[in-house]
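K.L.:
Please find one structure pasted underneath; my questions will follow.
Derivation of every value follows stated rules applied to the coordinates shown; laboratory data play no part. Quantities reported herein were computed from a predicted structural model and do not represent experimental measurements. Cβ: placed from backbone, ideal geometry, glycine included. Neighbour counts: every protein chain shown.
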Amino acid sequence: MLRWLKKRSTHVEAGASGAPIAAAGGPPLQTVRTDPERLLKRLEWTVVRRLDGMLQGDYRTFFRGAGFDLADLREYVPHDDVRHIDWNVTARLQVPHVREHQEDREVAAWLLLDLSGSVDFGSANISKRMLSLEFSAVVARLLTRRGNRIGALIHSGSHQDDVFVQAKSGRRHVLHLMRSIDAASTGGTPHDATELGAVLSNGLAAIRRRSVIFVVSDFITLPGWDRSLSLLARRHDVVAVRLFDPLEIELPDLGMIALRDAETGELLWVDSSDPKFRQRFADAAADREQKLRDALARTGVDCLELATDEALDESLVRFLQFRKRRAQLSSGAFGAAAAAGTV
């Protein structure tokens, strides 16, 4: 992936957006090709056990209720899903109220995985591809430990090669899911730029029953995907899982480097020792970050960010704490309203 071309020249791969996806120097990247059984055991000891103790079996912290039986009504608070507003009660009381539904005991979850060429990057010891595999294994094991089912739609750069894994339960199924993700590879052949919107549309067509869906991608893709994500979120409870590497945001001084687009194969030589060039790169990265955040905000979907230089369990703990606090604020607002006699 990365090789020295001259004394002060480096070859760095880049995603479709121009963000670099390989780093000069340092230890070689951890590849996806690994023993799923060994990896799962390590994750069970280092990540799953910690999250299992934190959740205490309440995996609904990862998502909202997916059932259809009305359980209660409460006042609307910021960040509530507007799809759950009860307009009849709102009109009668002149205060927005939302419906709370009784959750199904069994949860069906899906992973929509973007494993196109740009996820092969990682400037530390792990690539975004391996990070995607580890996250998928942890979520799958957390859910299947309580008899819940999980499946996957795996996109590896070409829609003809997309892999669909049926939702099932059990540890053996988790290993099968990991092997399927491990086997999904671009094979080193450049493809056209990723169309995440098409992947999301395929997921919407394939997954009929209301489910929890984790969209795992680096979101280096052609524009327009946010509309497909909004449509997906109308039917399902969706969490966007964004993979990124610090080198995609700030480029260090590496001298003359060749930036190769990992998805299209396009090659471009640049002088990274030029401060003005690095500043333009940082400005472009900041603009890309802002557009991504604006697009996610429009969809109303929560975003879990996973960085290649941060421990997976720390990222997951932070996300769970955020959702727990929001749930507590929502229940607190309902309790205050009930005490005041407004509900």
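K.L.:
Over all distinct Cα pairs, what is the inverse of the mean 1/r for region 263-310, reported as the Kirkwood hydrodynamic radius in Å? The partial results should precede the final answer.
P.N.:
Values: mean 1/r = 0.0736 Å⁻¹.
When all Cα pairs of region 263-310 are included, the Kirkwood radius is 13.6 Å.
K.L.:
Set the Förster distance to 25 Å, then compute FRET efficiency between A297 and T90 from the Cβ-Cβ distance, nearest 0.05. Don't jump to the answer; show the numbers that get you there.
P.N.:
Values: r = 24 Å, r/R0 = 0.94.
According to the calculation, E is roughly 0.60.
K.L.:
Ok, one more. Taking K and R as +1 and D and E as -1, what net charge do the other residues with C-beta under 12 Å from the C-beta of F214 add up to?
P.N.:
On the way: positive: R242; negative: D114, D237, D302.
Overall, the nearby charge balance is -2.
K.L.:
Using the Cα gyration tensor of region 79-183, with a ≥ b ≥ c the square roots of its eigenvalues, what is the shape: rounded (a/c below 1.5), prolate (a/b larger than b/c) or oblate (neither)?
P.N.:
Details: a/c = 2.71, a/b = 1.92, b/c = 1.41.
Verdict is prolate for region 79-183.
K.L.:
First obtain the Kirkwood hydrodynamic radius of region 129-279 from its Cα pairs, then insert it into the Stokes-Einstein equation at 4 °C and 1.567 mPa s, and state the resulting D in µm² per second as a whole number. Mind showing how you got there, number by number?
P.N.:
Working: Rh = 17.4 Å.
After rounding, the answer is 75 µm²/s.
K.L.:
Next question, about the same structure. Using Cβ counts within 10 Å as a stand-in for footprinting exposure, how do M54, M130 rank, fewest first?
P.N.:
Working: M54 15, M130 22.
Listing M54, M130 from fewest to most nearby Cβ atoms yields M54, M130.
K.L.:
Now for a different question. Treat every Asp and Glu Cβ in region 204-296 as -1 and every Lys and Arg Cβ as +1, leave all other atoms uncharged, and give the resulting dipole magnitude about the Cα centre to the nearest 20 debye.
P.N.:
Working: 14 positive and 16 negative charges, 180 e Å.
Here the size comes out at about 860 debye.
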